[in-house]
Every structure is written in structure tokens, then in C-alpha cells.
Amino acid sequence: MFLKTLHVVNFRNLAELASEFGEGVNILHGGNGSGKTNILEAIFVLHLGRSHRGASEATLVREGAEYYRIEGQTVVDGENRDVAVAYDRGGRKKLTIDGLAVRLVELYGAFCAVSLGPEDSNILSGPPSARRRFIDLYLSQYSGKYLTVLADYHKVLAQKNAALRKEMDPQPFNELLAESGARLINSRREHIENLGNSTAAYYRRISGGGELSVGYRPSTAAAAAESDISEIKRAFEKALRVMAEKEKITQTALVGPHRDDVQIELNGLPARTHGSQGEWRSAAVALKLAVYDMLRGRRGTPPLLLLDEVFAELDINRSEALMEALGNLGQLFLTTALEPPEFLKESGRCYRVANGQIAGVD
């Protein structure tokens with residue numbers, strides 16, 4: 001899979017930008033605020049309908065504009081696909097593939113992309129919600145069924161929370177929460193277990209021998225020990241009964257996948273409290289490369305790989321180890337504020353970015 005052309009209008013600081021890209025390494029270089037990170041974000045939104053940085057739709061529209069539109073041509077399995085995403089400030093959003101309107105799940109089914117940027121250290125250092133977003137974003141690309149179940153779960157969760165706030169009986173929603181929640185818990189556990197070994201191997205390679213471990217920590221503690229969906233559901237239902245009175249007092253749902261966490265340890269200690277900036281950065285790189293491998297194996301085609309200033313917080317040894325680990329990948333987009341080194345220039349195309357425009361191709 002690779003992006004051939006990109007046309008962006010009114011997205012962030014990109015008033016209008018059009019470019020063609022190569023199948024291999026594409027280097028975007030320019031000063032801070034030039035727009036290179038926004039180009040990566042536009043590529044991600046084009047293929048997955050949402051910002052990898054968690055930004056709201058309204059903030060993506062260029063200041064003073066009423067809409068944004070991103071369109072491009074992407075080759076998947078040798079076939080050209082024309083894809084477009086448009087949004088206006090009235091809240092209307094339209095996704096199309098080959099001119100036909102599609103739902104978000106269809107976009108996820110057609111394309112896949114992995115992003116890596118400075119904000120990903122938050123997966124290690126931030127709150128549980130950051131780790132849940134990470135898991136949900138990439139597991140949804142792995143399985144369209146997961147994305148559908150996730151949407152169903154959050155719809156019912158919103159209904160239950162509304163009932164709690166109105167002091168209504170939330171019980172009618174618990175059965176539906178347990179049904180979809182058990183499936184999410186089971187999928188997340190399998191997904192994280194599969195990621196664990198690959199992530200640990202990449203971390204050892206990048207860090208020069210450090211140890212990293214990843215484990216799933218559902219808020220329904222008893223569910224962690226179960227491997228059968230029906231047993232997970234029963235554990236979830238029991239937890240809902242135990243927390244019922246407390247949920248009425250707090251007027252919010254206190255148990256379920258929306259409260260889960262991923263436990264990440266570096267050299268046997270919690271990463272969130274014992275990791276350095278460099279270790280967090282290296283661990284985030286390892287996680288994303290493991291996700292890339294997982295998606296490539298599942299989809300049968302390399303995802304787009306978007307790397308935003310990945311070398312900024314890595315020392316020379318880790319940077320060299322990362323470039324070696326990147327190895328034989330598919331299409332790669334890489335941003336840097338510095339003049340790209342010669343070995344990178346030799347491996348692909350280099351685009352100079354300034355004032356929201358591609359000012360030239362070296």
C-alpha cells in the first residue's frame with residue numbers, strides 16, 4: 001500500500017497543498033511550524049478518518065475557513081483507490097472511496113497506517129486513557145469487527161451514564177454492556193499478548209539490551225484470569241452488581257473496558273513512574289514497530305508508516321539502531337527539522353516544507 005498523490009485544502013496551516021510521493025522513503029524537512037507535521041496528520045486522516053493526535057474535527061479546520069478537504073490516490077494490492085475526507089464547521093463529515101460515500105468501518109477496512117511522533121511518549125507516561133486510545137486505534141485496523149463492537153459499547157455506555165445522571169435504573173443497559181464489553185476485553189487481551197514478544201524484541205534492539213514487558217489490566221479484575229468470553233461476561237456482570245450502589249452515588253459507570261489499562265514495565269519497573277524521556281521514546285518506537293508488523297501480517301500489505309521527528313529525543317546509538325530496525329518496510333514518511341543526512345537522502349525523496357507548502361523536492 002502506498003500513497004501516490006495528496007491534495008489538501010484548509011487543513012491546519014495547509015491552505016492548499018498538492019504533491020506526489022514515492023513508494024519508498026519520503027522525507028519532509030523544514031523549520032518548526034512549517035507544516036510538515038500537519039502533512040503527516042492529513043495523510044492519517046485521509047486513510048482513517050480521524051487524527052492520530054486525538055484532535056477534534058473543528059481544530060483541524062484552518063483558522064478563518066469553514067471546511068477542510070483531503071483527497072488522494074492510494075495504491076492497494078496494485079489497484080488505484082481514490083479516497084477523500086471532508087468536514088465542515090456545521091458538523092457534517094463525508095468519507096468517500098472511488099467517489100462513493102462510505103462509513104468509517106469501510107475506511108478502516110480499506111486502508112491502514114501507523115504513526116509515530118513525540119506525543120507517543122504519553123502512551124508510557126500518560127493516563128490509562130492514552131493507552132486505551134492506542135490499543136483501540138490499532139486493534140480497530142486489525143479487526144473491523146472490533147471497531148463495530150467498540151462503537152456499540154460506547155453507545156450503550158453513554159446511555160447508561162445518561163440514566164445514572166437522571167437517577168434512573170441503569171440495569172437495562174448492563175446486559176448489553178456485559179455482552180459487548182466481554183468481547184472487547186477478550187480481543188484486547190489477545191492483541192496485547194501478541195504484541196508483547198515483538199515489542200520486547202524491538203526494545204532490546206533499540207535500547208541496546210533493555211527489557212520491556214506489556215500486560216493487560218482490565219478494570220474487571222476477575223476477567224483477567226478468564227479465556228472464555230462467556231466466563232469474562234459473567235465476571236463483568238458480577239463486577240457490575242458489586243459496583244451498582246457506588247455508580248448510583250457517582251452517577252457514572254465505574255467498571256468496564258472504558259476503565260481498562262495496559263501495564264508497561266521497563267527493566268521490571270512501571271514505565272510511567274520510573275522511565276526517562278529517552279526510555280519512553282524508545283518504548284513508544286518499539287510498540288509502534290510491533291503494531292506495524294502485526295498489521296502487515298494481518299492485512300497482507302505494509303501499512304503507511306508516518307514518523308514525526310522520531311530522532312529528536314534519541315541518542316546516536318538508539319537512532320542508528322532504529323534506522324536498522326526500520327529495515328525493509330513499505331512506504332515511509334519521515335519529518336525532520338534538521339537537514340536530512342546523506343544516507344537518508346540517498347534512500348528516497350526529500351521535500352522541503354515552508355509556510356504550509358512543499359517548497360521544493362531535492
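Going through THR74, THR5, THR37, THR59 one at a time, which residue ends up being closer than 17 Å to TYR351 by Cβ, among the β-branched types (Val, Ile, Thr) and within 21 Å of the chain's Cα centre (by Cα)?
One residue alone meets the criteria, THR37.
Do the conditions hold for LYS166, that is, is it closer than 23 Å to LEU107 by Cα and surrounded by fewer than 14 Cβ atoms within 10 Å (Cβ to Cβ)?
So LYS166 fails the test.
Of the residues that make up segment 292-315, is at least one modelled with pLDDT under 90, part of a helix (DSSP H, G or I) and open to solvent by 60 Å² or more (accessible area, probe 1.4 Å)?
no
With the structure loaded, tell me whether ILE70 is in contact with a strand residue (DSSP E or B) (Cβ under 7 Å, 6 or more places away or on another chain) and outside any helix (DSSP H, G or I) or whether it fails that test.
Yes, satisfied.
Looking only at segment 201-259, how many residues end up being more than 28 Å from the chain's Cα centre (by Cα), touching a residue at least 40 places away in the same chain (Cβ under 8 Å) and open to solvent by 80 Å² or more (accessible area, probe 1.4 Å)?
Residues that pass the stated criteria total 1.
I need the full set of residues from segment 97-114 which are closer than 22 Å to LEU17 by Cα and surrounded by fewer than 16 Cβ atoms within 10 Å (Cβ to Cβ), in order please.
Within segment 97-114, ASP98, GLY99 meet the criteria.
Would you be able to tell me the number of residues in segment 325-339 that are within 19 Å of VAL114 (Cα to Cα) and either under 18 Å from the mean Cα position of the chain (by Cα) or modelled with pLDDT of 70 or more (or both)?
Final tally of qualifying residues: 8.
The values are calculated or read from the model by the stated rules, or taken from the named source; none is laboratory data. Note that the structure is predicted; figures quoted are calculated from it, not measured. Virtual Cβ from ideal backbone geometry, glycine too; neighbours counted across all protein chains shown. These area figures cover heavy atoms from the full protein model, side chains too; ligands, DNA and RNA do not enter into them. Shrake-Rupley method; radii C 1.70, N 1.55, O 1.52, S 1.80 Å.
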